[in-house]
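Take a look at the structure below.
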Amino acid sequence: MGTEPSLFAVKQFSLVFRQYEKGWQESKIQAISGFNLTIQKGEIVAIVGASGSGKSLLANAILGILPENAETDGEILFEGEALTPKRQEELRGKEIALIPQSTNALDPLMKAGKQVQTMIKGKNKKKIQEGIFHKVGLASEAGERYPFELSGGMARRVLVTTAIASQAKLIIADEPTPGLDEHSRNETIQYIKQLANEGKGVMFITHDIMAALAIADRIAVFYAGQTVEIANTEDFYGKGEQLRHPYTKALWNSLPQNEFKPLPGSQPAPITVLNGCAFAPRCLKATSICKQKQPLNRSLNQGMVRCFHA
């Protein structure tokens with residue numbers, strides 16, 4: 001008997017944008033390179049990285065909503081089958097749902113309840129919608145309000161209910177917590193956990209490590225469009241002794257509750273041509289090989305790392 005495929009898998013995925021400079025000379029911007037990831041049913045995998053590291057572009061690539069100047073390579077698989085442009089269109093909003101960054105994604109001219117009902121198949125849509133609202137702590141009256149009549153926390157919950165109502169198997173939550181107060185942030189995390197408890201796979205995109213640790217089973221650390229490490233949440237403790245990549249350790253130790261050590265330098269711009277490791281210019285462990293050659297992904301301590309010295 002064969003092994004059941006992962007709900008979702010990305011294999012050696014790369015994303016490049018073509019652009020034209022003076023004199024119509026074409027150049028390419030490497031946004032993501034050599035990305036690998038799997039998500040199982042009922043699992044939450046967080047993708048953590050600084051702004052500009054390519055996290056949200058990955059979400060757009062999965063959904064098939066990239067601009068025309070984008071070129072992709074590698075494989076994106078859903079339930080073992082390739083996500084072709086045609087299949088992306090068929091599954092988007094149905095089998096694969098997005099919880100977007102901004103509540104502006106809600107239709108300002110449609111009442112909240114009606115927006116959720118559009119995601120529900122079959123009869124008794126209003127009754128089902130009210131049941132989902134109750135599940136996330138929204139009163140039935142909230143369904144009769146327009147988005148501008150809702151508080152930020154309520155609007156965020158409406159976005160989560162659209163994902164629940166869609167019956168999607170894979171949920172992509174793209175930075176769902178920034179700008180929320182602590183109570184609303186914790187609530188949002190709980191609602192997304194609830195989705196995984198119902199058997200859905202969740203990709204949780206964030207730059208907030210603590211939010212990721214509160215919700216995820218595994219953490220994929222993104223740097224300059226590359227996955228530099230995939231670690232289990234229990235690896236994040238102490239001074240990061242169990243973490244494998246120097247960037248992940250530096251990120252962990254930069255938090256106020258840890259050593260609060262700033263990380264000198266900045267992430268390379270997407271137009272930078274990388275001959276060696278993307279993190280080498282900021283890494284204390286970097287040697288000549290790091291500046292000449294890019295490390296490959298390798299398994300280590302039940303995780304993955306992209307580093308010569310891990």
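Expected output is a single nm value to one decimal: the length gained when fully extending between K41 and K127, i.e. 0.36 nm times separation in residues minus the C-alpha distance. What is it?
Details: separation 86, 0.36 × 86 = 30.96 nm, distance 2.73 nm.
Between K41 and K127, full extension yields an extra 28.2 nm.
Restricting to Cα pairs below 8 Å that are 6+ residues apart, what does the relative contact order work out to for the chain? Please round to a whole percent.
Relative CO of the chain lands at 20 percent.
Taking the Cα atoms only, what angle lies between the long axis of helix 152-165 and the longest principal axis of the chain, rounded to 10 degrees?
Here the helix axis deviates by roughly 90 degrees.
Provide the gained length on full extension for the span Q19 to T72, in nm with one decimal, where the gain is 0.36 nm per separating residue minus the Cα-Cα distance.
17.6 nm
Anything over 28 Å Cα to Cα? Flag those among K94/K249; K135/K239; K41/K121; K193/K261; K55/K285; K135/K169, in the order listed.
Checking Cα-Cα distances, K94/K249; K135/K239; K193/K261 exceed 28 Å.
Seen from all sides and averaged, what is the projected area of the convex hull of the Cα atoms in segment 227-310, in nm²? Spell out each step's value before the answer.
Working: hull surface 22.6 nm².
The directionally averaged projection comes out at 5.7 nm².
Just to be sure I understand the model, the point goes 7 Å from the Cα along the line to the Cβ. What's the resulting Q294 to K111 distance in nm?
5.3
I'd like the distance separating the alpha-carbon centroids of segment 82-125 and segment 185-245, in whole Å.
Centre-to-centre (Cα) distance: 25 Å.
At 0.36 nm per residue, minus the direct Cα-Cα distance, what do T118 and Q190 gain on full extension? Give it in nm, one decimal, please.
Gain in length upon complete extension: 23.5 nm.
Estimate the FRET efficiency between E90 and Q242 by the formula 1/(1 + (r/R0)^6), using the beta-carbon distance for r and 35 Å for R0, to the nearest 0.05.
The calculated FRET efficiency here is 0.25.
Report, in deg cm²/dmol and to the nearest 500, the calculated mean residue ellipticity at 222 nm for the chain, where each DSSP H run with n ≥ 4 adds -39500 (n - 2.57) and the sum is divided by the residue count.
On the way: 9 runs with 83 residues, N = 310.
Theoretical 222 nm ellipticity from helices: -7500 deg cm²/dmol.
Once R0 is set to 45 Å, what does the formula 1/(1 + (r/R0)^6) return for the Cβ-Cβ distance between K11 and A139, expressed as a FRET efficiency to the nearest 0.05?
Approximately 0.50, to the nearest 0.05.
If I compute Rg/Rh (Cα atoms, Kirkwood Rh) from the structure I just sent, which labelled value in [x] 0.95; [y] 1.08; [z] 0.99 lines up?
[z]
Could you tell me how many degrees, from 0 to 90 and to the nearest 10, lie between the Cα long axis of helix 182-197 and the main elongation axis, the longest principal axis, of the Cα atoms of the chain?
90
Taking the radius of gyration and the Kirkwood hydrodynamic radius from Cα positions alone, what is the Rg/Rh ratio for segment 43-161, to two decimal places?
1.01
Can you compute the FRET efficiency between N301 and Q257 using 1/(1 + (r/R0)^6), with r the Cβ-Cβ distance and R0 = 22 Å? Round to the nearest 0.05.
So, using R0 = 22 Å, E works out to roughly 0.40.
Read-outs: derived from the displayed coordinates by stated rules, not from any lab. Please read all numbers here as calculations on a predicted model, not as lab measurements. With ideal geometry, Cβ positions are generated from the backbone for all residues, glycine too; neighbour counts draw on all protein chains shown.
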